[in-house]
Amino acid sequence: MNKSIITILLTFITLYIVGTYTHKTILVNQDITLPLSIEKLYLFLAGFSILTCVNLLLLSTLPKISEQLGFIYLGMLMLKIILFSTVFYHPIIKQENLILTTKISLIAPIFVFLFLEVIFVVKILNNNR
């Protein structure tokens, strides 16, 4: 279990560092400014993905709860969407017209972190059977 937790931590921290650096480099090279902080976006996504995966891993050890892990993950995903909307309300929702680069800069990291998160969740659920 400790090895799995360390793997999750290292993977998401590495993705945070590489993703933030790459994203900022691309934006600087293209001379693009965004209404939101790339660091905060990546930090939120990495932090919540780590919490989700580690919590599911720890909950998978409890026999009564292990059968409901899929539903717990769906609840955590809804919580992530609500918190994301709350945290990034002003830079995203308050603006009437977001330019295409802002939309892409927002959606791309969301899908990358979600994809990696789902891979870990599927492994946890498969090991639980």
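Which residue pairs have Cβ atoms under 7 Å apart, sit 6 or more places apart or on different chains, and have a first residue in region 104-121 that is touching a residue at least 40 places away in the same chain (Cβ under 8 Å) and a second that is surrounded by 14 or more Cβ atoms within 10 Å (Cβ to Cβ) and outside any helix (DSSP H, G or I)?
Short answer, once both residue conditions are applied: S105/L34.
Residue under question is I8, and the condition is that it be open to solvent by 50 Å² or more (accessible area, probe 1.4 Å), closer than 30 Å to R129 by Cβ and either aliphatic (A, V, I, L, M) or more than 16 Å from the chain's Cα centre (by Cα) (or both); does it hold? Give the steps one after another, and end with the answer.
Working: open to solvent by 50 Å² or more (accessible area, probe 1.4 Å): no; closer than 30 Å to R129 by Cβ: yes; either aliphatic (A, V, I, L, M) or more than 16 Å from the chain's Cα centre (by Cα) (or both): yes.
No.
Which pairs turn up if I take residues in region 5-22 that are of a type in the set (S, T, N, Q) and look for partners that are open to solvent by 60 Å² or more (accessible area, probe 1.4 Å) and part of a helix (DSSP H, G or I) with beta carbon separation below 9 Å, at least 6 apart in sequence or on another chain?
The qualifying pairs are T20/E39; T20/L43.
The values are calculated or read from the model by the stated rules, or taken from the named source; none is laboratory data. Note that the structure is a prediction, hence the values are computed from the model and not measured. Using ideal geometry, Cβ is built from the backbone for each residue, glycine included, and neighbour counts are taken over all protein chains shown. Just so you know, the surface numbers come from the protein's heavy atoms only, side chains and all, with ligands and any DNA or RNA stripped out. Shrake-Rupley method; radii C 1.70, N 1.55, O 1.52, S 1.80 Å.
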